[in-house]
Ligand SMILES: NC(=O)c1ccc[n+]([C@@H]2O[C@H](COP(=O)([O-])OP(=O)(O)OC[C@H]3O[C@@H](n4cnc5c(N)ncnc54)[C@H](O)[C@@H]3O)[C@@H](O)[C@H]2O)c1
């Protein structure tokens, strides 16, 4: 996890959480252990509870407690009262209540506002890691019930792409295959929900050769799925067809009794949504004649009493975390990197001092630069560099007046403007001085018609006919150079241009015709009106700067090596390229951690 490792060095110096108590409710996995250690290195006192009773990796919980002295309240397979009691203990660990919280699904924040409400006064803010949690928080905020600011760490573009689509997509398929050892190729797989995570699952299933059906309630997402080549059906129609079902909606009862009643023998049901409510497990149990637990690890077989059996994976809980290992470390590296940066920003923004302004209670977006910074750092760890905007591109991007540029002929080189920020600025200033766009009928080359009309030809039918607007000519039009080779005309025009004293701001420019140097011989000249000249001025700057540079370099203008001294180097990199799986990365396959129990009484682990 190179991003978190890099942040450890940074936070060790900056100490963004100095003196703060952080209560976290997260899946207790090796990746989470890295985040917890990072917070501690950054100065925090951390207490940790599990965000899912089945996803806890007991050896990780033990290692955090024994080796790092973290207060961990988690045990795999704990019952529901024990699960919520663990959260309460994590919240109460500091005595006065946490200063900051990190949640995954909203159970910790919910507990804070209900059973642990006396601790609320000390809380400055928090982060939420998953879609379901953000939805719950928004509902709380809408009711005015949320008492502090929470950053929706889940909602960054980078996290949804990397964690939702890539991480969930891969690990859900991994969980299904580990649990069932089924061949996906040729099978029909239903994916309910085509959000960031559902799309990942659907795409990965298709990659394994499955025929994928998507069910949705959102027409835009359904259209998206359809245009990406997935078959879109209501669940009622998909239920009798498919062999594998995956729910990933964040909703409830997506697969109910009416669907189970028509399923094929051997149908596999898996859920990847945060809570175990997407498959109606109670309805399944009531409908079935008999249930056989653990026919394989994390597989329960429900005998429907008519010769059909339906297989439920992971008791309807997050299949990728229960039957596999959740997201790969690379994914959680980025997700937790964003979360740690956001929490550090929150700690600063809510600091009770005149300098650190107060953030209002409610759900807040992750600041955009944090998302971009995390992506940049991860790219750097991958040894991947990207382009940066040249001054010309910045100029172009910032101006709404510049559209397409006139044809430049052979010798106008685009890198010219990009190498000379001052000239670029001047060009932009000129462009900003004028306005307008292309006017139909003005200054078009003779062979290009202006309008296309539908007309009736003699004898009936319809055909298209081109009409030309009458072309206006100026005295300058008539006097312009014709029938000369490109380069000669270009030089002549360029020389003339340099002699013109009044080529200042376009606003003061008289007339509306002007020759473009270097225009192709076969097409005559391009005659420009005021708005076109504004665009053309930018081009002229490019030509002039490019030629000047060419002369400076002994006439060579190869368009290369044009980077100005002020431009940053292309490579990004603060964190050395290093990939390692951390100290907990060597676990065996097939969910080998589950079933192993650390000894009770290790430090603060599972004290209840
Ligand atoms: N297992 C994991 O590791 C993991 C990772 C990320 C998110 N999640 C969870 O997965 C769920 C989805 O997350 P997301 O980020 O993709 O959310 P999302 O909001 O982007 O997508 C959910 C999609 O489900 C659709 N949907 C809602 N109800 C539906 C229904 N009854 N039938 C069919 N489609 C329905 C919505 O229209 C939406 O397009 C959430 O519960 C989230 O917390 C799990």
Sort 124, 397 so the one with the fewest other Cβ atoms within 10 Å of its own Cβ comes first. 397, 124
Could you check the spin-label model distance between residue 241 and residue 253? Points 7 Å from the Cα along Cα→Cβ, value in nm. 2.5
Pulled fully out, how much extra length does the chain show between residue 290 and residue 386, if you take 0.36 nm times their separation in residues and subtract their Cα-Cα distance? 28.8 nm
Residue 394 versus residue 231, label points 7 Å from Cα toward the beta carbon: distance in nm? 5.4
Along each principal axis of its Cα atoms, how long is the range 1-137 end to end? Whole angstroms, biggest number first, please. 38, 33, 29
Counting every Cα pair in the range 336-406, what percent are over 17 Å apart? 64
Subtracting the Cα-Cα distance of residue 303 and residue 120 from 0.36 nm times their residue separation yields 61.1 nm
Spin-label proximity, residue 9 to the range 25-63 - amide N less than 19 Å from point 7 Å beyond Cα toward beta carbon: 34-35, 37-43
Return 258, 93, 88 ranked ascending by Cβ neighbour count within 10 Å, so the fewest neighbours appear first. 258, 88, 93
What ranking do 376, 317 get, fewest neighbouring Cβ atoms within 10 angstrom at the top? 376, 317
Once you place label points 7 Å from the Cα toward the Cβ at residue 404 and residue 208, how far apart are they in nm? 4.8
What does the C-alpha gyration tensor say about the overall shape of the range 168-322? Classify as rounded when a/c is under 1.5, otherwise prolate if a/b is larger than b/c, or oblate. prolate
Would you mind calculating the gained length between residue 80 and residue 361 on full extension (0.36 nm times residue separation, minus the Cα-Cα distance), in nm to one decimal? 98.2 nm
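Values quoted throughout were computed directly from the atomic coordinates according to the rules given, and no laboratory measurement underlies them. Everything numeric here is computed off the predicted structure, so don't read it as measured data. Glycine also receives a Cβ, built like all others from the backbone with ideal geometry; neighbour counts cover every protein chain displayed.
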